[in-house]
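Colleague: Here you go, one structure.
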Amino acid sequence: MTTQIIRHDWTADEVQDLFDLPFNDLIFEAQTIHRKFFNPNEVQMCQLLSIKTGGCPEDCGYCSQSAFAESDLGASKLMDVEEVLSEARKAKDGGATRYCMGAAWRSPKDRDMENLKAMISGVRDMGMETCATLGMLTADQAQELADAGLDYYNHNIDTSEEFYGEIITTRTFQDRLDTLDVVRESGMKVCCGGIIGMGEKILDRAEMLRTLANLATHPDSIPINQLIAIPGTKLENVNLPHSIDFVRCIAVARIMMPRSTVRLSAGREEMSDEMQALCFFAGANSIFVGDELLTTDNPGRDKDAALMSKLGIEALPAFEEPALDKEPTNNLVSHSLHEERA
Ligand code: SAM
Ligand code: DTB
Ligand code: SF4
(Lines give C-alpha, C1' and ligand atoms only; values in the text may rest on other atoms or scores of the structure.)
(Ligands and ions follow the chains in the order given, each with its own letter.)
Protein backbone atom coordinates (compact mmCIF):
# COMPACT_ATOMS: atom_id res chain seq x y z
CA MET A 1 0.00 0.00 0.00
CA THR A 2 1.24 3.52 -0.67
CA THR A 3 -0.24 6.60 0.90
CA GLN A 4 0.08 10.21 -0.22
CA ILE A 5 2.19 11.94 2.40
CA ILE A 6 0.88 15.54 2.24
CA ARG A 7 -2.84 15.12 2.72
CA HIS A 8 -5.86 17.25 3.52
CA ASP A 9 -8.49 14.52 3.63
CA TRP A 10 -7.85 12.71 6.90
CA THR A 11 -10.79 10.77 8.27
CA ALA A 12 -11.54 10.52 11.98
CA ASP A 13 -10.86 6.76 11.93
CA GLU A 14 -7.44 7.20 10.32
CA VAL A 15 -6.36 9.67 12.98
CA GLN A 16 -7.70 7.46 15.74
CA ASP A 17 -5.70 4.57 14.24
CA LEU A 18 -2.54 6.65 14.55
CA PHE A 19 -3.29 7.40 18.21
CA ASP A 20 -3.92 3.66 18.76
CA LEU A 21 -0.57 2.52 17.33
CA PRO A 22 1.87 0.91 19.75
CA PHE A 23 4.10 3.74 20.97
CA ASN A 24 7.28 2.42 19.31
CA ASP A 25 5.55 2.06 15.95
CA LEU A 26 4.11 5.56 16.20
CA ILE A 27 7.40 7.21 17.13
CA PHE A 28 9.31 5.27 14.48
CA GLU A 29 6.87 6.39 11.80
CA ALA A 30 6.95 10.01 13.00
CA GLN A 31 10.76 10.09 13.06
CA THR A 32 10.93 8.46 9.62
CA ILE A 33 8.64 11.13 8.15
CA HIS A 34 10.47 13.87 10.06
CA ARG A 35 13.76 12.88 8.43
CA LYS A 36 12.26 13.09 4.94
CA PHE A 37 11.73 16.82 5.38
CA PHE A 38 13.91 18.14 8.20
CA ASN A 39 17.37 17.96 9.65
CA PRO A 40 16.46 15.97 12.80
CA ASN A 41 19.15 17.75 14.83
CA GLU A 42 17.93 21.29 14.21
CA VAL A 43 15.35 23.15 16.29
CA GLN A 44 13.87 26.59 15.68
CA MET A 45 14.05 29.07 18.60
CA CYS A 46 11.21 31.48 19.22
CA GLN A 47 10.84 34.00 22.04
CA LEU A 48 7.65 35.53 23.39
CA LEU A 49 6.88 38.93 24.83
CA SER A 50 3.58 39.97 26.32
CA ILE A 51 3.21 43.48 24.86
CA LYS A 52 -0.19 44.01 26.50
CA THR A 53 -0.97 41.91 29.54
CA GLY A 54 -4.24 41.05 31.31
CA GLY A 55 -7.77 42.44 31.30
CA CYS A 56 -8.79 40.44 28.22
CA PRO A 57 -12.57 40.36 27.58
CA GLU A 58 -12.43 36.75 26.35
CA ASP A 59 -13.20 33.91 28.77
CA CYS A 60 -10.61 31.28 27.73
CA GLY A 61 -10.67 28.91 30.71
CA TYR A 62 -6.90 28.27 30.69
CA CYS A 63 -5.76 31.88 30.57
CA SER A 64 -4.49 34.03 33.42
CA GLN A 65 -5.06 37.14 31.30
CA SER A 66 -8.81 36.73 30.97
CA ALA A 67 -10.84 39.27 32.92
CA PHE A 68 -12.88 36.24 34.06
CA ALA A 69 -9.85 34.68 35.80
CA GLU A 70 -9.22 35.39 39.45
CA SER A 71 -5.58 36.28 39.03
CA ASP A 72 -3.61 39.19 40.41
CA LEU A 73 -2.24 40.18 37.01
CA GLY A 74 -4.25 43.37 36.55
CA ALA A 75 -4.49 44.96 33.12
CA SER A 76 -1.57 46.81 31.57
CA LYS A 77 -1.46 49.17 28.61
CA LEU A 78 0.26 48.38 25.31
CA MET A 79 4.04 48.63 25.85
CA ASP A 80 6.03 51.44 24.25
CA VAL A 81 7.64 50.62 20.93
CA GLU A 82 11.16 51.35 22.21
CA GLU A 83 10.67 49.09 25.23
CA VAL A 84 9.54 46.23 22.98
CA LEU A 85 12.51 46.73 20.66
CA SER A 86 14.90 46.72 23.59
CA GLU A 87 13.43 43.39 24.81
CA ALA A 88 13.63 42.01 21.27
CA ARG A 89 17.30 42.93 21.04
CA LYS A 90 17.96 40.98 24.27
CA ALA A 91 16.07 37.99 22.88
CA LYS A 92 18.16 38.07 19.72
CA ASP A 93 21.37 38.28 21.74
CA GLY A 94 20.12 35.26 23.72
CA GLY A 95 19.75 33.19 20.56
CA ALA A 96 16.10 33.65 19.52
CA THR A 97 15.51 33.88 15.77
CA ARG A 98 11.76 34.51 15.84
CA TYR A 99 10.12 37.08 18.09
CA CYS A 100 6.45 36.66 18.93
CA MET A 101 4.52 39.59 20.40
CA GLY A 102 1.33 38.69 22.25
CA ALA A 103 -1.50 40.95 23.36
CA ALA A 104 -4.44 40.11 25.62
CA TRP A 105 -7.07 41.44 23.24
CA ARG A 106 -10.21 40.13 21.59
CA SER A 107 -8.86 41.96 18.55
CA PRO A 108 -6.58 44.95 17.93
CA LYS A 109 -8.09 48.47 17.93
CA ASP A 110 -7.40 50.81 15.02
CA ARG A 111 -5.63 53.20 17.41
CA ASP A 112 -3.03 50.50 18.19
CA MET A 113 -2.13 49.66 14.60
CA GLU A 114 0.60 52.30 14.11
CA ASN A 115 2.50 51.19 17.23
CA LEU A 116 2.08 47.52 16.33
CA LYS A 117 3.46 48.15 12.85
CA ALA A 118 6.45 50.04 14.29
CA MET A 119 7.18 47.11 16.63
CA ILE A 120 6.95 44.62 13.77
CA SER A 121 9.15 46.55 11.36
CA GLY A 122 11.64 47.32 14.15
CA VAL A 123 12.00 43.65 15.10
CA ARG A 124 12.35 42.62 11.48
CA ASP A 125 15.04 45.25 10.92
CA MET A 126 17.04 43.49 13.65
CA GLY A 127 17.13 40.37 11.47
CA MET A 128 14.58 38.32 13.38
CA GLU A 129 11.49 36.62 12.00
CA THR A 130 8.36 38.32 13.32
CA CYS A 131 5.24 36.78 14.80
CA ALA A 132 2.26 38.27 16.62
CA THR A 133 -0.79 36.98 18.42
CA LEU A 134 -3.31 39.74 18.91
CA GLY A 135 -6.70 38.03 18.75
CA MET A 136 -9.16 38.11 15.87
CA LEU A 137 -8.27 40.16 12.77
CA THR A 138 -10.22 41.72 9.93
CA ALA A 139 -8.88 41.23 6.42
CA ASP A 140 -7.69 44.87 6.38
CA GLN A 141 -5.82 44.49 9.67
CA ALA A 142 -4.17 41.29 8.49
CA GLN A 143 -3.02 43.00 5.30
CA GLU A 144 -1.67 46.03 7.22
CA LEU A 145 0.33 43.77 9.54
CA ALA A 146 1.63 41.71 6.63
CA ASP A 147 2.69 44.87 4.82
CA ALA A 148 4.54 46.04 7.95
CA GLY A 149 6.69 42.89 7.81
CA LEU A 150 4.81 40.41 9.98
CA ASP A 151 5.98 36.94 8.91
CA TYR A 152 3.72 34.77 11.11
CA TYR A 153 0.39 35.19 12.88
CA ASN A 154 -0.39 32.90 15.80
CA HIS A 155 -4.03 32.07 16.37
CA ASN A 156 -4.82 28.71 17.95
CA ILE A 157 -7.93 26.58 17.59
CA ASP A 158 -6.92 25.22 21.02
CA THR A 159 -8.94 21.98 20.92
CA SER A 160 -11.62 20.09 18.98
CA GLU A 161 -14.69 21.93 17.76
CA GLU A 162 -16.79 19.74 20.06
CA PHE A 163 -14.82 20.44 23.25
CA TYR A 164 -14.16 24.10 22.42
CA GLY A 165 -17.40 25.34 24.03
CA GLU A 166 -16.34 23.83 27.38
CA ILE A 167 -13.30 26.11 27.42
CA ILE A 168 -14.31 29.33 25.62
CA THR A 169 -17.75 30.86 25.16
CA THR A 170 -17.02 34.44 24.08
CA ARG A 171 -15.99 33.54 20.54
CA THR A 172 -16.63 30.54 18.36
CA PHE A 173 -14.47 27.91 16.72
CA GLN A 174 -15.65 29.34 13.39
CA ASP A 175 -14.44 32.84 14.43
CA ARG A 176 -10.98 31.33 14.84
CA LEU A 177 -11.10 29.66 11.43
CA ASP A 178 -12.25 32.95 9.84
CA THR A 179 -9.21 34.77 11.24
CA LEU A 180 -6.94 31.99 9.98
CA ASP A 181 -8.44 32.52 6.51
CA VAL A 182 -7.73 36.27 6.45
CA VAL A 183 -4.21 35.66 7.75
CA ARG A 184 -3.54 33.16 4.97
CA GLU A 185 -5.05 35.47 2.34
CA SER A 186 -2.81 38.35 3.47
CA GLY A 187 0.26 36.28 2.58
CA MET A 188 1.42 35.81 6.18
CA LYS A 189 2.39 32.39 7.44
CA VAL A 190 -0.05 30.70 9.77
CA CYS A 191 0.93 29.53 13.27
CA CYS A 192 -1.92 27.50 14.71
CA GLY A 193 -2.14 24.72 17.26
CA GLY A 194 -3.66 24.04 20.63
CA ILE A 195 -3.43 22.79 24.18
CA ILE A 196 -3.18 19.24 25.51
CA GLY A 197 -4.36 18.51 29.04
CA MET A 198 -7.51 20.59 29.52
CA GLY A 199 -9.62 17.53 30.37
CA GLU A 200 -10.28 16.68 26.72
CA LYS A 201 -10.60 13.12 25.40
CA ILE A 202 -8.11 11.53 23.00
CA LEU A 203 -10.82 11.92 20.37
CA ASP A 204 -10.69 15.71 20.91
CA ARG A 205 -6.92 15.71 20.39
CA ALA A 206 -7.40 13.68 17.22
CA GLU A 207 -10.12 16.01 15.95
CA MET A 208 -8.07 19.12 16.71
CA LEU A 209 -5.19 17.75 14.63
CA ARG A 210 -7.62 16.64 11.93
CA THR A 211 -9.03 20.18 11.65
CA LEU A 212 -5.50 21.56 11.23
CA ALA A 213 -4.39 18.91 8.75
CA ASN A 214 -7.53 19.25 6.64
CA LEU A 215 -7.14 23.02 6.17
CA ALA A 216 -6.48 23.88 2.52
CA THR A 217 -2.86 24.63 3.50
CA HIS A 218 -1.31 23.12 6.62
CA PRO A 219 -0.29 25.71 9.24
CA ASP A 220 3.39 26.57 8.78
CA SER A 221 3.95 26.36 12.54
CA ILE A 222 1.97 24.18 14.93
CA PRO A 223 2.37 25.01 18.62
CA ILE A 224 1.46 22.08 20.84
CA ASN A 225 1.07 23.45 24.36
CA GLN A 226 0.75 21.39 27.52
CA LEU A 227 -1.73 23.13 29.79
CA ILE A 228 -0.10 25.24 32.47
CA ALA A 229 -2.77 25.00 35.16
CA ILE A 230 -2.59 28.58 36.44
CA PRO A 231 -4.13 29.38 39.86
CA GLY A 232 -7.25 31.52 39.49
CA THR A 233 -8.19 30.10 36.09
CA LYS A 234 -11.13 27.76 35.49
CA LEU A 235 -8.68 24.94 34.74
CA GLU A 236 -6.45 25.46 37.79
CA ASN A 237 -7.15 21.98 39.20
CA VAL A 238 -6.83 19.95 36.01
CA ASN A 239 -4.12 17.26 36.22
CA LEU A 240 -1.22 17.04 33.75
CA PRO A 241 -1.69 14.55 30.91
CA HIS A 242 0.56 11.48 30.98
CA SER A 243 3.83 12.33 29.27
CA ILE A 244 3.46 9.45 26.79
CA ASP A 245 0.03 10.72 25.77
CA PHE A 246 1.50 14.17 25.17
CA VAL A 247 4.34 12.75 23.05
CA ARG A 248 1.77 10.84 21.00
CA CYS A 249 0.14 14.16 20.03
CA ILE A 250 3.47 15.51 18.78
CA ALA A 251 4.04 12.34 16.76
CA VAL A 252 0.57 12.38 15.20
CA ALA A 253 0.94 16.07 14.31
CA ARG A 254 4.28 15.30 12.64
CA ILE A 255 2.83 12.42 10.62
CA MET A 256 -0.25 14.35 9.50
CA MET A 257 1.57 17.61 8.69
CA PRO A 258 5.04 16.50 7.55
CA ARG A 259 6.34 19.84 6.29
CA SER A 260 5.15 22.00 9.20
CA THR A 261 7.25 23.15 12.10
CA VAL A 262 5.85 21.49 15.25
CA ARG A 263 6.55 23.55 18.36
CA LEU A 264 6.96 21.99 21.78
CA SER A 265 5.38 25.07 23.35
CA ALA A 266 4.04 25.86 26.82
CA GLY A 267 4.60 23.46 29.69
CA ARG A 268 8.30 22.58 29.32
CA GLU A 269 8.94 23.65 32.93
CA GLU A 270 6.99 20.56 33.97
CA MET A 271 8.72 18.23 31.49
CA SER A 272 11.81 16.14 32.19
CA ASP A 273 14.76 16.23 29.81
CA GLU A 274 13.78 12.71 28.75
CA MET A 275 10.23 13.76 27.88
CA GLN A 276 11.49 16.69 25.83
CA ALA A 277 13.98 14.40 24.07
CA LEU A 278 11.11 12.06 23.19
CA CYS A 279 9.13 15.02 21.83
CA PHE A 280 12.05 15.95 19.56
CA PHE A 281 12.33 12.31 18.50
CA ALA A 282 8.60 12.35 17.73
CA GLY A 283 9.14 15.29 15.38
CA ALA A 284 8.97 18.50 17.43
CA ASN A 285 11.42 20.98 15.94
CA SER A 286 10.77 24.30 17.61
CA ILE A 287 10.66 25.64 21.18
CA PHE A 288 10.08 28.87 23.05
CA VAL A 289 13.31 30.07 24.62
CA GLY A 290 13.81 32.60 27.41
CA ASP A 291 12.87 32.76 31.09
CA GLU A 292 9.21 33.58 30.48
CA LEU A 293 6.39 32.72 28.12
CA LEU A 294 3.66 35.38 28.42
CA THR A 295 2.81 35.30 32.13
CA THR A 296 4.46 32.05 33.24
CA ASP A 297 7.97 30.65 33.60
CA ASN A 298 9.96 28.83 30.92
CA PRO A 299 13.18 26.82 31.43
CA GLY A 300 15.51 29.68 30.43
CA ARG A 301 18.68 29.94 28.43
CA ASP A 302 21.19 27.96 30.55
CA LYS A 303 18.93 24.97 31.10
CA ASP A 304 17.99 24.82 27.42
CA ALA A 305 21.60 25.23 26.30
CA ALA A 306 22.57 22.27 28.49
CA LEU A 307 19.74 20.12 27.10
CA MET A 308 20.45 21.04 23.47
CA SER A 309 24.13 20.29 23.96
CA LYS A 310 23.38 16.90 25.52
CA LEU A 311 21.09 16.05 22.60
CA GLY A 312 23.41 17.46 19.93
CA ILE A 313 20.68 19.80 18.73
CA GLU A 314 21.55 23.06 17.00
CA ALA A 315 19.49 26.21 16.46
CA LEU A 316 17.94 26.80 13.05
CA PRO A 317 19.17 30.15 11.66
CA ALA A 318 16.59 32.91 11.04
CA PHE A 319 14.79 32.96 7.68
CA GLU A 320 16.11 29.52 6.74
CA GLU A 321 13.31 27.38 5.36
CA PRO A 322 13.26 24.55 7.90
CA ALA A 323 11.66 21.99 5.58
CA LEU A 324 14.14 20.45 3.18
CA ASP A 325 12.94 20.20 -0.36
CA LYS A 326 12.99 16.45 -0.14
CA GLU A 327 9.39 15.57 -0.79
CA PRO A 328 9.36 12.43 -2.96
CA THR A 329 8.75 13.58 -6.53
CA ASN A 330 5.63 11.48 -6.98
CA ASN A 331 4.33 12.73 -3.61
CA LEU A 332 4.13 9.15 -2.46
CA VAL A 333 5.86 7.36 0.36
CA SER A 334 5.96 3.70 1.15
CA HIS A 335 3.70 3.31 4.12
CA SER A 336 3.82 -0.34 4.93
CA LEU A 337 3.49 -0.21 8.70
CA HIS A 338 -0.29 -0.36 8.86
CA GLU A 339 -0.37 -2.99 6.15
CA GLU A 340 2.07 -5.16 8.08
CA ARG A 341 -0.04 -4.85 11.18
CA ALA A 342 -3.34 -5.54 9.43
N1 SAM B 1 -5.07 36.79 22.88
C2 SAM B 1 -4.49 36.08 21.84
C3 SAM B 1 -5.25 34.85 21.43
O4 SAM B 1 -5.84 34.20 22.28
O5 SAM B 1 -5.23 34.51 20.26
C6 SAM B 1 -3.06 35.72 22.06
C7 SAM B 1 -2.49 35.16 23.29
S8 SAM B 1 -2.96 33.55 23.81
C9 SAM B 1 -2.22 33.57 25.34
C10 SAM B 1 -2.14 32.39 22.77
C11 SAM B 1 -2.32 30.92 23.04
O12 SAM B 1 -1.53 30.54 24.16
C13 SAM B 1 -3.70 30.41 23.38
O14 SAM B 1 -4.50 30.26 22.26
C15 SAM B 1 -3.39 29.08 24.03
O16 SAM B 1 -3.36 28.04 23.07
C17 SAM B 1 -2.01 29.31 24.63
N18 SAM B 1 -2.11 29.37 26.11
C19 SAM B 1 -2.60 30.40 26.82
N20 SAM B 1 -2.60 30.11 28.14
C21 SAM B 1 -2.10 28.86 28.26
C22 SAM B 1 -1.87 28.00 29.36
N23 SAM B 1 -2.18 28.35 30.61
N24 SAM B 1 -1.35 26.78 29.13
C25 SAM B 1 -1.05 26.40 27.87
N26 SAM B 1 -1.25 27.18 26.79
C27 SAM B 1 -1.78 28.39 26.96
C1 DTB C 1 1.13 29.41 21.84
O2 DTB C 1 0.54 28.46 21.26
N3 DTB C 1 1.67 29.33 23.04
C4 DTB C 1 2.22 30.61 23.43
C5 DTB C 1 2.02 31.46 22.15
N6 DTB C 1 1.27 30.60 21.30
C7 DTB C 1 1.48 32.81 22.22
C8 DTB C 1 1.65 31.15 24.67
C9 DTB C 1 1.79 30.24 25.85
C10 DTB C 1 1.23 30.90 27.04
C11 DTB C 1 1.41 30.12 28.28
C12 DTB C 1 0.79 30.74 29.47
C13 DTB C 1 1.32 32.08 29.86
O14 DTB C 1 2.56 32.32 29.90
O15 DTB C 1 0.51 32.94 30.20
FE1 SF4 D 1 -7.54 36.69 25.91
FE2 SF4 D 1 -5.89 35.24 24.40
FE3 SF4 D 1 -6.05 34.83 27.05
FE4 SF4 D 1 -8.09 34.13 25.51
S5 SF4 D 1 -6.00 33.28 25.44
S6 SF4 D 1 -8.24 35.23 27.45
S7 SF4 D 1 -8.04 35.73 23.95
S8 SF4 D 1 -5.30 36.65 26.05
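The values are calculated or read from the model by the stated rules, or taken from the named source; none is laboratory data. Computed from a predicted structure; not experimentally measured. Neighbour counts run over all protein chains shown; Cβ positions are idealised from the backbone, glycine included.
Colleague: From the list 247, 252, exactly one residue is among the aliphatic types (A, V, I, L, M), out of contact with any strand residue (DSSP E or B) (no Cβ under 9 Å at 6 or more places or on another chain), surrounded by 17 or more Cβ atoms within 10 Å (Cβ to Cβ) and closer than 21 Å to residue 220 by Cβ. Which is it?
Modeller: 252
Colleague: Being within 13 Å of ligand 1 (Cβ to nearest atom) and modelled with pLDDT of 95 or more is the requirement here; does residue 107 meet it?
Modeller: Criteria met by residue 107.
Colleague: From the set of residues in region 164-215 that are within 19 Å of residue 12 (Cβ to Cβ) and touching a His at 6+ places or on another chain (Cβ under 8 Å), which is nearest to ligand 3 (Cβ to nearest atom)?
Modeller: If we take residues in region 164-215 being within 19 Å of residue 12 (Cβ to Cβ) and touching a His at 6+ places or on another chain (Cβ under 8 Å), then 212 is nearest to ligand 3 (Cβ to nearest atom).
Colleague: State all residues of region 176-218 that are within 13 Å of ligand 1 (Cβ to nearest atom) and either in contact with a Leu (Cβ under 6 Å, 6 or more places away or on another chain) or within 21 Å of residue 101 (Cβ to Cβ) (or both); if no residue qualifies, say none.
Modeller: 176, 179, 180, 183, 190, 191, 192, 193, 194, 195, 197, 198
Colleague: For region 151-175, which residues satisfy the criterion of being in a helix (DSSP H, G or I) and either free of Cβ contacts under 8 Å to residues at least 24 places away in the same chain or in contact with a helix residue (DSSP H, G or I) (Cβ under 6 Å, 6 or more places away or on another chain) (or both)?
Modeller: Passing the criteria: 161, 163, 164, 165, 173, 174.
Colleague: Looking at region 288-306, which of the residues that are of a type in the set (A, V, I, L, M, F, W, C) and crowded, with 17+ Cβ neighbours inside 10 Å is farthest from ligand 2 (Cβ to nearest atom)?
Modeller: So, considering only residues that are of a type in the set (A, V, I, L, M, F, W, C) and crowded, with 17+ Cβ neighbours inside 10 Å, the one farthest from ligand 2 (Cβ to nearest atom) is 289.
Colleague: Still on this structure, please answer the following. Which one is surrounded by the fewest Cβ atoms within 10 Å (Cβ to Cβ) among residues in region 127-143 that are under 22 Å from residue 54 (Cα atoms) and touching a residue at least 60 places away in the same chain (Cβ under 8 Å)?
Modeller: In this case the residue turns out to be 135.
Colleague: With (1) crowded, with 24+ Cβ neighbours inside 10 Å; (2) more than 22 Å from residue 130 (Cβ to Cβ) as the list, and residue 281 as the residue in question, which single condition is left unmet?
Modeller: In the conditions (1) crowded, with 24+ Cβ neighbours inside 10 Å; (2) more than 22 Å from residue 130 (Cβ to Cβ), residue 281 misses (1) alone.
Colleague: Here is a list: 89, 124, 106. Which entry is among the basic types (Lys, Arg), at negative phi, surrounded by fewer than 22 Cβ atoms within 10 Å (Cβ to Cβ) and in contact with a Pro (Cβ under 7 Å, 6 or more places away or on another chain)?
Modeller: 106
Colleague: Look at residue 184 and say whether it is farther than 15 Å from residue 107 by Cα and either of a type in the set (Lys, Arg) or buried (at least 20 other Cβ atoms within 10 Å of the Cβ) (or both).
Modeller: Here the answer is yes, as residue 184 does meet what is asked.
Colleague: If you don't mind, there's one more thing I want to ask. Counting just the residues of region 284-333 that are farther than 12 Å from residue 45 by Cα and in contact with a Ser or Thr (Cβ under 6 Å, 6 or more places away or on another chain), which one comes out modelled with the lowest pLDDT?
Modeller: Filtering first and then ranking leaves 332.
Colleague: Continuing with this model, one more query. With 222, 202 as the choices, which residue is of a type outside the set (Asp, Glu) and either more than 29 Å from residue 71 (Cβ to Cβ) or surrounded by fewer than 19 Cβ atoms within 10 Å (Cβ to Cβ) (or both)?
Modeller: 202
Colleague: Collect the residues in region 36-95 that are among the charged types (D, E, K, R), within 16 Å of ligand 1 (Cβ to nearest atom) and under 25 Å from residue 122 (Cβ atoms), keeping them in residue-number order.
Modeller: Across region 36-95, the qualifying residues are 52, 77.
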